[in-house]
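Below is one structure, written out as structure tokens, with a few remarks after it.
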Amino acid sequence: MGDYDFTKPVFAELGAEMNFWKLAIRPGQPVAFGKIQGVLAFGLPGNPVSSMVTCDQLVRPAILKMGGHVSYARPVVQAVFQEKFSKRSDRRHFLRGILHHEDGVLTVRTTGGQGSGILTSMVKANGFIDIPVEVERLNPGDVVNVQLLTRNF
């Protein structure tokens, strides 16, 4: 989003029907979706992690569904959060996390810095900690939902 974002003008030039331009998620708020001559079109954010997260949350399920898959959501597990975290209550957050088994309990912590340009947050992650819009704070010991990126943790 900004002076060098040409997504809207290109969509318009191609005669696209734009269904949405922003989503209340982080990372990945500036994401576009529409149809160009009946074909789905996604405009992903420019920051690498934002692009990866929105691709995983939006594009991947769309491709799987169009490919005939019945189940296209990532498996979700519950884990005990190991850190403090706070956010505004206006966006859903997808924190990159590291799941561990500790004494028979599934725990999760973030990969560290969660900026949308920190590629190591994706490299280290084996799950997305899915923080709903209405949740403003998490404390150590809170139970969270985690979308599995891998089955090996």
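Values quoted throughout were computed directly from the atomic coordinates according to the rules given, and no laboratory measurement underlies them. The structure presented is a predicted model; accordingly, all values stated were derived computationally and were not measured. For neighbour counting, all protein chains shown are included, and Cβ atoms are generated from backbone atoms with ideal geometry for every residue, glycine included.
Report the extension gain between Asn19 and Val133 in nm, rounded to one decimal, defined as 0.36 nm multiplied by the number of residues separating them, less their alpha carbon distance.
38.9 nm
Quick one: what do you get for the stretch 110-153 if you divide its Cα Rg by 2.2 N^0.38 Å? Working shown, then result.
On the way: Rg = 11.5 Å, N = 44, 2.2 N^0.38 = 9.3 Å.
Rounded to two decimals, the normalised Rg is 1.24.
Quick check on the chain: helices-only [θ] at 222 nm, where DSSP H runs of length 4 and up contribute -39,500 (n - 2.57) each and the sum goes over total residues. Nearest 500, please.
On the way: 4 runs with 26 residues, N = 153.
Rounded to the nearest 500, the figure is -4000 deg cm²/dmol.
Between the stretch 2-55 and the stretch 64-108, what is the C-alpha centre distance in whole Å?
About 24 Å separates the Cα centre of the stretch 2-55 from the one of the stretch 64-108.
Normalised by the residues of the chain, what does the relative contact order come to in percent, with Cα pairs under 8 Å and at least six apart?
Relative CO of the chain lands at 22 percent.
Calculate the translational D of the stretch 59-99 in whole µm² s⁻¹ from Stokes-Einstein, where the hydrodynamic radius comes from the Kirkwood formula applied to all Cα pairs, the temperature is 10 °C and the viscosity 1.306 mPa s. Intermediate results must be reported in sequence, preceding the final value.
On the way: Rh = 13.4 Å.
The estimated diffusion coefficient comes to 119 µm²/s.
Under a GNM of the chain (C-alpha, springs under 10 Å), which listed residue has the highest mean-square fluctuation: Asp103, Asp130, Asp90?
Asp103
Counting other beta carbons within 10 Å of each Cβ, put Asp5, Asp56 in order, fewest first.
Numbers: Asp5 14, Asp56 17.
Neighbour counts put them in this order, fewest first: Asp5, Asp56.
Most exposed first by the Cβ proxy, i.e. fewest other Cβ within 10 Å, how do Leu106, Leu138, Leu119 rank?
Arranged by neighbour count, lowest to highest, Leu106, Leu138, Leu119 become Leu119, Leu106, Leu138.
Taking 7 Å along the Cα-to-C-beta vector as the label spot, tell me the Asp5-Val76 distance in nanometres, rounded to one decimal.
Taking the simple label geometry, Asp5 and Val76 are separated by 2.7 nm.
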